[in-house]
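What follows is calculated from the coordinates using simple rules that are stated; it is not laboratory data. Computed from a predicted model, the values in this text were never measured in an experiment. Note that we place each Cβ from the backbone using ideal geometry, even for glycine, and neighbour counts take in every protein chain shown.
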């Protein structure tokens, strides 16, 4: 692609500045069921985000390809969009390339490893499904100011599912894991097998309020919605329950949330966001007080502040996490004494409302009796809201995990959560 | 894409021993006119162009996709894929034969950019006439998708399809209380979609609903009789059995319905149909994403499991009829069996009788989205607008609730089916990405289901 020619054509159409973010993405994925390969998948994708300035407003487009038609679409946008969008284009022409050697995984070796998990099948584990995916991403930003910067990362993702089948019910336990290096799948299967042994025994519980451990994977999905709630764009649109809460104590003082995009040991490491704003580590919630919203360049200029380096398509995060406490999971279980572990929820997309903070989810998990995990419970509905859930935190565990590049969580112990059951 | 190029790709793919090769080429443009704060905030334009190649040998499948569509990049992709097979080298000579089919979703009307902007601004203006409305988000979502499918069976087919959807969320606020209500209208159609709809009236109803939700009460949950309103209420069937009848789950014995063909799985009030051929409906397509004509499939007939949704490769494991239901979001996804327009056939029961028959229960007037785990059959769905039923009458509006159940028993609890069939549209997310689906039903009564809530 001749980017200079593209820039020249854009200038000819009346655009004065043009910046392109190029995301080059490669992935290899394999799914194995017992010892049979269900599919192999390979993807090579290059995406472009073009930002162009005309007059005193910028226009942006995400596209699979760059040609003259893209410039025409940008021009069309400039005739329709009414909101003035400002943008500061990068002008530091010193190169800042941070592209590591990206290791290509041996997918045959991984496939054989997944097939070997078949040896874990027995009277308890009737079926094992596993998916392994390795991705490499190279991000590059160039513009007609002469800027050309790059950054890269490699991630591994593994999902394992163990199934016990019976005439009355099928029981499934699963684990998704993300890491910057190869993942030990045997370790995942061993811990899942223990969990399956408990979960095949199911009890009914009564409707009421329970002290609960919200496991790290469940809290992580909910934290993803909190990211939406501190998106400065939603705040200005007044469509988040966290509007007007800046510098106020919103949650339990035990809750601290940070974002560390510059931590190379974490999977979302990045030097700069998709707009070219250099990222920095920051504290988002300190002792329950909301310190900052997240701003891309447009929202920052509108609000008279600096962009926070959180522009990734929309406003989002890299390596945001709930700061872990000291207790391991067993200690949390002992502290609950009598209560529930919520280790899976379904229905997030339809039943978590960031507008008013309401949460009503189908929940699965285990019963804690006298400080011990005794069985699973039949599916229930957990109904709460973000303020209640994160204000009722009693303890925070030390089992911080990052299932994706955006955010990670430890498990938390919360009191008095409403549970509806048969 | 040129026929000779497609033949070259397919024959090259076959030469290391796979027994099936397919090329999916796509050029799509998505346009999204987005109004917020009473002005057009963005016109989002997303051009998509890429190729997906699928190879199979028996039940083993490999899939690759790229948007680098120069010959060298495609050759690199082909080599990556075909090297996964180590069978004897063979010379293939597939010749493609183009099939021409007439589009079941013709477009009759488009609007200029100025007219679209005026349409959205009118919605904003109508909604904001109500005092407590503090925000309106209104979107016109358009998609023009052009695909070419060629495979080693000699098939070559092109298709073009358009989607149009109005999606509006209206927000109400009073003191610290916030509530919202949505209006969604869509079709595989042009702007004639709105010709016979009183948009102002629908917007007013949506705004009033958002305001009334500010006074909705929390409600302690429990297992109760429930009446589910028409249209999007059919999410119960989409989640409780639709996904479990897709070959994706059935072929690998990961559905509670895997071995239930010909058996009773629902009450005799339930006849469930998946029909991708209904002209201009949101989930309709002329062909599926394997190039087969779409079909009308009667999934459940009077409670008896009558057919599964079966795609070409899953059929190798199932030995059933392939029935035009293979779908994918775009070229980056491998296609698989998916629902299109799924609806419950109308019955003869009266809504008034359903309400009168309940001493204490819930009337779910409007439903939100849901999800299911086909392996266990556990499913859930959100309730957007709900009311208590007390002593045979609809009383207080309630909030913060959702419904959950298990596919093994909930379909048997469908006790009454009315005749007011209506449809709703949504995006269904599954293995092959997000695809437009219609769901439809008349009002139904479920004798008992777990309703979640809080005091």
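Things to note:
- Evaluated on region B:339-411, the Kirkwood hydrodynamic radius is 14.1 Å, with distances taken between all distinct Cα atoms.
- The mean number of partner chain beta-carbon atoms within 10 angstrom of a residue's beta-carbon across peptide A:33-46 is 6.
- Derived from the Cα gyration tensor, the three semi-axes of the equivalent ellipsoid of region A:124-175 are 46, 9, 5 Å, largest first.
- Extents of region B:86-159, taken as max minus min of Cα coordinates on every principal axis and listed largest first, are 74, 34, 18 Å.
- Computed FRET value (nearest 0.05) for residue A:11 with residue A:302, which takes r as the C-beta separation and R₀ as 25 Å: 0.40
- Spatial extent of region B:123-200: Rg and Dmax, with the Cα atoms as the point set, Å: 19.2, 65
- Theoretical ellipticity at 222 nm over chain A - DSSP helices of four or more residues, -39500 (n - 2.57) apiece, nearest 500: -6500 deg cm²/dmol
- Cα-based Kirkwood hydrodynamic radius, chain A, one decimal, Å: 23.6 Å
- Working from Cα pairs under 8 Å separated by at least six residues, relative contact order for region B:158-277 is 17 percent.
- Residue exposure proxy: A:295, B:25, ordered by other Cβ atoms within 10 angstrom of their Cβ from fewest to most, comes out as B:25, A:295.
- Cα-Cα pairs of region B:223-280 separated by more than 14 Å (percent): 67 percent
- Beta bridges from DSSP with both residues in the protein assembly as shown: antiparallel share about 90 percent, rounded to the nearest 5.
- Debye intensity ratio in log₁₀ form over the Cα atoms of region A:294-341, taken at each q of 0.14, 0.22, 0.23 Å⁻¹: -0.57, -0.77, -0.81
- For q = 0.16, 0.21, 0.25 Å⁻¹, Debye-computed log10 I/I(0) when each Cα of region A:162-233 counts as one equal scatterer: -0.88, -1.11, -1.19
- Normalising by residue count, chain B has a Cα convex hull of 149 Å³ per residue.
- Reduced Cα scattering model of region B:249-382, Debye log10 I(q)/I(0), q = 0.10, 0.12, 0.13 Å⁻¹: -0.41, -0.58, -0.67
- Three-way shape label, region A:48-190, alpha-carbon gyration tensor, a/c 1.5: prolate
- Rounded FRET efficiency, nearest 0.05, which uses the C-beta distance separating residue B:360 from residue A:204 and R0 of 25 Å: 0.75
- The order of B:318, A:320, going from fewest to most other C-beta atoms within 10 Å of their C-beta, is B:318, A:320.
- Region B:72-156 - percent relative contact order, Cα under 8 Å, separation 6 or more: 40 percent
- With a 10 Å cut-off around each Cβ of B:38-48, the average count of Cβ atoms from other chains is 6.
- P(r) histogram, all alpha-carbon pairs of region A:320-422 included - 10 Å bins from 0, percent: 15, 43, 37, 5
- Pair-distance distribution of region B:107-258: all C-alpha pairs, bin width 5 Å, starting at 0; shares per bin in whole percent are 2, 7, 12, 12, 13, 14, 13, 11, 8, 5, 3, 1, 0, 0.
- Computed over chain B: relative contact order in percent, which uses C-alpha pairs under 8 Å that are six or more apart: 16 percent
- With 10 Å bins from 0: P(r) over region A:345-401, alpha-carbon pairs, percent: 20, 38, 38, 4
- Cα Rg, Dmax, region B:17-58, angstrom units: 18.8, 59
- A helix-only calculation puts chain B at -4500 deg cm²/dmol for mean residue ellipticity at 222 nm, using -39500 (n - 2.57) for each DSSP H run of at least four residues, averaged over all residues.
- For region A:114-229, alpha-carbon Rg relative to the globular expectation (2.2 N^0.38 Å, N residues): 1.51
- Region A:234-385 has equivalent-ellipsoid semi-axes of 34, 19, 15 Å, by the square roots of 5 times the alpha carbon gyration tensor eigenvalues, sorted largest first.
- With each label modelled as a point 7 angstrom along the Cα→C-beta vector, the residue A:262-residue B:352 pair spans 7.2 nm.
- Rg of the Cα atoms in the protein assembly as shown, relative to 2.2 N^0.38 Å, amounts to 0.93.
- Rg over Rh [alpha-carbon atoms, Kirkwood Rh] for region B:27-86: 1.29
- Alpha-carbon spread of region A:104-150, three principal axes, descending order, Å: 65, 19, 8
- Averaged over the residues of B:397-408, the number of partner chain Cβ atoms lying within 10 Å of the residue Cβ comes to 5.
- Percent of beta bridges antiparallel (DSSP, chain A, rounded to nearest 5): 90 percent
- Compactness of region A:155-294 - radius of gyration and Dmax, Cα, Å: 19.8, 56
- Taking only the Cα atoms of region A:206-286, the ratio Rg/Rh comes out at 1.03, with Rh defined as the Kirkwood radius.
- Distance (nanometres) between label positions extended 7 Å along Cα→Cβ at residue B:302 and residue A:84: 7.0 nm
- Order of B:130, A:241 under a 10 Å beta carbon neighbour criterion, fewest first: B:130, A:241
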